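Structure record follows, encoded as structure tokens.
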Amino acid sequence: MGAEALSKNEVADAEAPLVLGLEPSALVDHVARVDWSLLHQISGERGGSIPVELEELENILGEVNSHVLSCDGNGGDDPSSNVKTLAGGSVANTVRGLISGFGISSGIIGACGDDVQGELFVRDMNFKGVDLSRLRKKKGHTAQCVCLVDDLGNRTMRPCLSNAVKVQEEELTKEDFKGSKWLVLRYAILNLEVIQAAILLAKQEGLLVSLDLASFEMVRNFKQPLLKLLESGNIDLCFANEDEATELLRGEQNADPETALEFLANYCQWAVVTLGSKGCIAKHGNKIARVAAIGEARAKDATGAGDLFASGFLYGVMKDMKLEECCRVGACSGGSVVRSLGGELTLENLHWMYNQMEMMNLLTPHTAK
């Protein structure tokens, strides 16, 4: 399968982005607010992320318009206003949030197809200023994911990856990582080999590595490879939500977020467990921070909340903020994205986020040197 590099500006000696995100298969999200009856028709646990085949994804998308909720949950004249298609994937959300929300130069390592979805991914990420010089374009399909959001703002995700183009471990080179400071990863068993290769090359180039635990199903079903990644000592920062953290210690006497935080901190410089409406807890060295959630109690769409929390937390770390301040910035960015549909920061949400940060005397991109 042939591949070509994509770049917004072909500059041989361009400065490397500070943060690189590994998304082996570029992903396009179809996000929709839907009623409970559609969720009842879909196999698997509500709230999780289970891979599906293309036929099932298309069947779900075919049902979406007849189940769409309006913003107030009572139906509406324009269902398309509550359906959004955009470049997605956890890692893409985080790096896009870093550059669009915090001015941190960011890039993507991965592959997209030569199809409509691939063009959309490139156009969307280019528009936000993400460096795509490490994104390979291949003949074939781009991965897709349907994100169904209920009237409480909770999302159920069904990604379709099996027929998608993907960057392979042997395609990665030291040049992909040279000059960058951070590598952002999301745990996925289908991408384990390329994740391991990326970590090895990143460490050879002196990068710090951030890992998101992805979903409680991923932790539950593939715990041993995850533990090996953590035990390698190559993961510097780990993000887990409450369900993932609890799943990590399933069967232990104290399978709670606080115990999971301590467990992760044994292997990582920074460990973070997000707790939804209850905020987050984090540990770095011998310091522990607990920060409340910021924003409305009821989210319109929780898609991307954890991803944008990671954007804010990473920004804080890169600006040498105290642990509690890193958590607060993460809470501001995670709290901002849930105010609208999809895992990206809108202009309105950016203004809201900066106002929250200023009220807490946190360093914003406008005041950072």
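Looking across the range 115-144, the residues that are part of a loop (DSSP other than H, G, I, E, B) and more than 19 Å from the chain's Cα centre (by Cα) come down to Asp115, Ser133, Lys139, Gly140.
Based on this model, can you work out whether Ala197 counts as out of contact with any strand residue (DSSP E or B) (no Cβ under 8 Å at 6 or more places or on another chain) and more than 27 Å from Leu249 (Cβ to Cβ)? Criteria met by Ala197. Contact map, the range 226-242: first residue among the polar types (S, T, N, Q), second residue assigned to a helix (DSSP H, G or I) and modelled with pLDDT of 95 or more, Cβ cut-off under 7 Å, separation 6 or more or different chains; pairs are Asn234/Ile199; Asn234/Lys203. Please work out if Leu341 is buried (at least 18 other Cβ atoms within 10 Å of the Cβ) and either closer than 28 Å to Asp124 by Cα or within 19 Å of the chain's Cα centre (by Cα) (or both). In short, yes. Filtering the range 262-285 to residues that are modelled with pLDDT of 95 or more and assigned to a helix (DSSP H, G or I) leaves Glu262, Phe263, Leu264, Ala265. It is to be established whether one or more residues within the range 145-158 are surrounded by 18 or more Cβ atoms within 10 Å (Cβ to Cβ), over 17 Å from the mean Cα position of the chain (by Cα) and in a strand (DSSP E or B). Within the range 145-158 (the criterion being surrounded by 18 or more Cβ atoms within 10 Å (Cβ to Cβ), over 17 Å from the mean Cα position of the chain (by Cα) and in a strand (DSSP E or B)), the answer is no, since none of the residues qualifies. Answer yes or no: is there a residue in the range 236-245 that is farther than 24 Å from Leu275 by Cα and of a type in the set (S, T, N, Q). No: the range 236-245 contains no residue that is farther than 24 Å from Leu275 by Cα and of a type in the set (S, T, N, Q).
Go through (1) touching a residue at least 60 places away in the same chain (Cβ under 8 Å); (2) part of a loop (DSSP other than H, G, I, E, B); (3) among the charged types (D, E, K, R) one by one and return the number of the condition Asp307 breaks. Failed condition: (2).
Please go through the range 182-204 and give me each residue that is buried (at least 17 other Cβ atoms within 10 Å of the Cβ) and not hydrophobic (A, V, I, L, M, F, W, C), ordered by number. Of everything in the range 182-204, those that are buried (at least 17 other Cβ atoms within 10 Å of the Cβ) and not hydrophobic (A, V, I, L, M, F, W, C) turn out to be Arg186, Tyr187, Asn191, Lys203. Residues in the range 268-281 that are aliphatic (A, V, I, L, M), touching an Asp or Glu at 6+ places or on another chain (Cβ under 7 Å) and surrounded by 21 or more Cβ atoms within 10 Å (Cβ to Cβ): 2 in all. Here Asp320 does not fit the description of being buried (at least 24 other Cβ atoms within 10 Å of the Cβ), under 26 Å from Leu261 (Cβ atoms) and acidic (Asp, Glu). Within the range 294-306, does at least one residue satisfy the condition of being modelled with pLDDT of 95 or more, hydrophobic (A, V, I, L, M, F, W, C) and in contact with a Gly (Cβ under 6 Å, 6 or more places away or on another chain)? Scanning the range 294-306, I find no residue that is modelled with pLDDT of 95 or more, hydrophobic (A, V, I, L, M, F, W, C) and in contact with a Gly (Cβ under 6 Å, 6 or more places away or on another chain), so the answer is no. Taking (1) more than 20 Å from Leu341 (Cβ to Cβ); (2) out of contact with any Phe, Trp or Tyr (no Cβ under 8 Å at 6 or more places or on another chain) in turn, Tyr315 satisfies each apart from (2). Selection of first residues in the range 18-45 that are within 12 Å of Pro159 (Cβ to Cβ) and of second residues that are of a type in the set (Asp, Glu), restricted to Cβ pairs under 9 Å at least 6 apart or on distinct chains, gives the following pairs, ordered by first then second residue: Val28/Asp124; Gly44/Glu217. Listed by first and then second residue, the pairs linking a residue in the range 250-267 that is without any contact (Cβ under 8 Å) to a residue 40 or more places away in the chain and crowded, with 19+ Cβ neighbours inside 10 Å to a residue that is among the acidic types (Asp, Glu) and assigned to a helix (DSSP H, G or I), with Cβ atoms under 7 Å apart and 6 or more places separating them unless they lie on different chains, are Pro257/Glu242. Looking for something of a type in the set (Ser, Thr, Tyr), closer than 23 Å to Asp124 by Cβ and either modelled with pLDDT of 95 or more or within 12 Å of the chain's Cα centre (by Cα) (or both) - is there at least one such residue anywhere in the range 309-320? Within the range 309-320, one or more residues are of a type in the set (Ser, Thr, Tyr), closer than 23 Å to Asp124 by Cβ and either modelled with pLDDT of 95 or more or within 12 Å of the chain's Cα centre (by Cα) (or both).
The values are calculated or read from the model by the stated rules, or taken from the named source; none is laboratory data. On a predicted model such as this, the values are computed, not experimentally measured, just so you know. Every residue, glycine as well, gets a Cβ built from its backbone with ideal geometry; the counts of neighbours run over all protein chains shown.
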